[in-house]
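So the structure is just underneath, and the comments pick up after that.
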Amino acid sequence: MNAKGNNSISRRGFVRKTTAIAATTLAGKMIANAAETSIAATNVKPIGPVCPHPVLTPAGDFYTVARGNPKPHTLTGQALADARMTPETWRLEITADPFVKEPNIQLPARVKNALTLANGKALDLPTLIELSKTRSVKYIKAMQCLNIPAPLGQGLWEGVPLRDVMSLCGRMDNVRRIYYWGFHNNDPKQLFQSSVSYTQAMETPPGELPVFLAYKLNGQPIPPVRGGPVRVIVPWSHGFKSIKWLHRIFLTNDYRINDTYALKNNDPESFLKTAAYTDEPPKTFPAGESISITGQVISGLSGFKRVESWVRKVNSDQESLNDDDPELLAGPWKTCELYPPPDWDTVLPEGSSTKNILGFDSATGAPHSWPLKYGMGSWFYTIKHLKPGHYEVRARAVDLNGFAQPEPRSSRKSGRNALQVRRFEVV
């Protein structure tokens, strides 16, 4: 690789380095199964336990996944400015890869107008914001890590499609893949990188969402702890594709992925899975009370049909069933109730409208689906008349193809999707 600058590394190295369960009395029921309830009716508030999860996670409340020594978001003062991680110092370089290798990579990628620090054309934040005046996109997306058994949070992300940023470079030739990475202490050994195909960046099927460069979260500038000033957002993927502290985009004719997450047996092309997560319960509940189980569900690539729950009496020292146990597969699963969309005027940043957010109808402002695709919603399930004893509860999501979690992709390395098992005692 012939690119200059502190972040340059060898071409070979570039490719190789590649909650809470609440006990409450249920006053009534409202069935809000997203597969059976029309979106038009979901402005009715449920009668049941108060939803324990915010629709939009405050920037400081996301579960933080970061690497590096020191972690880039911990930098302060001049070190933060030197890392180009302040609004004033942020710059993005877009260059072409001269790499060729017979027989599969015969021609180098080319770009008419490279944006580099050396030629003074590197993209700055004011230029990105100016571009957003005509090319802005907003979307509510859940963040989830490939190997962590709980959602990281959900935010309203705002930015500019990657294809529109790349258009600043003029004509491109022989580009098959787009590599990108962010600041990681100017140390090639700490570099964290990812990629998308040229097609994924440039073409967005109807109803789908573009890869974009985000500079706002919940209506505010993205703080360093969340990957600001500018980060990549890949709506359909796990968080490792949504690189933080973006510094460099590298256009290449190499067809191979370069993702750091390809290491250690991960699937770097995995999509978000439709999956339910169950909140941790109190250890005990009084006998005779209704118990409300709550949790969250992400609507992944295969869409969302329903959440199901199963409460099973166990001995205190009894082992839990494996996810493929015949008893579990044939268990008496019961459909849970889904919290409907909120009053958006109380949730969105001031001046925002769902009519301008992808995933919503531009005329009515109603969501096309709930939960939103690649977004997250909350569910609850009420249990009554449990006798004293030990119990375990688990929940699973069912997608629009009829597959029940952890299917159809039960391999952890394509995204952790096991059924969470929670235990409690009724006394």
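Observations
- For the chain, a crude dipole built from +1 on the beta carbon of Lys and Arg and -1 on the beta carbon of Asp and Glu, taken about the Cα centre, is about 1120 debye to the nearest 20.
- The spread of Cα positions in the stretch 156-306, taken along each principal axis and listed from longest to shortest, comes to 70, 38, 37 Å.
- Over the chain: Kirkwood hydrodynamic radius from C-alpha pairwise inverse distances, Å: 23.1
- Reachable lysines, given that their alpha-carbon falls under 17 Å from the alpha-carbon of Lys355 and they are not under 8 places away in the same chain: Lys133, Lys138, Lys141, Lys373
- Low-density loop cleavage sites - GluC sites (Glu not before Pro) in the stretch 308-377, where at most 10 other Cβ are within 10 Å (DSSP): Glu319, Glu350
- Partner lysines whose Cα lies under 20 Å from the Cα of Lys112, excluding those fewer than 8 positions away in the same chain, are identified as Lys4, Lys121.
- Low-density loop cleavage sites - trypsin sites (Lys or Arg not before Pro) in the stretch 81-179, where at most 12 other Cβ are within 10 Å (DSSP): Lys112, Arg171
- Gyration tensor verdict on the stretch 284-339 (Cα atoms; rounded if a/c is under 1.5, prolate if a/b is larger than b/c, oblate otherwise): oblate
- Partner lysines for Lys313 [C-alpha distance under 24 Å; skip if fewer than 8 residues away on the same chain]: Lys283, Lys334, Lys384, Lys387
- Directionally averaged projected area (the stretch 281-392, Cα convex hull): 9.7 nm².
- Scattering profile of the stretch 371-427 at q = 0.23, 0.27 Å⁻¹ [log10 I(q)/I(0), Debye over alpha-carbon scatterers]: -1.06, -1.22
- The stretch 343-401 and the stretch 193-245 have Cα centres spaced 22 Å apart.
- Cα extents of the stretch 76-165 along the three principal axes, largest first (Å): 44, 34, 33
- Restriction of the trypsin sites (Lys or Arg not before Pro) in the stretch 332-392 to DSSP coil positions whose beta-carbon has at most 14 other beta-carbons within 10 angstrom yields Lys384.
Laboratory data are not the source of any read-out in this text; all were calculated from the coordinates shown. No experiment lies behind these values; they were computed from the predicted model shown. Cβ: placed from backbone, ideal geometry, glycine included. Neighbour counts: every protein chain shown.
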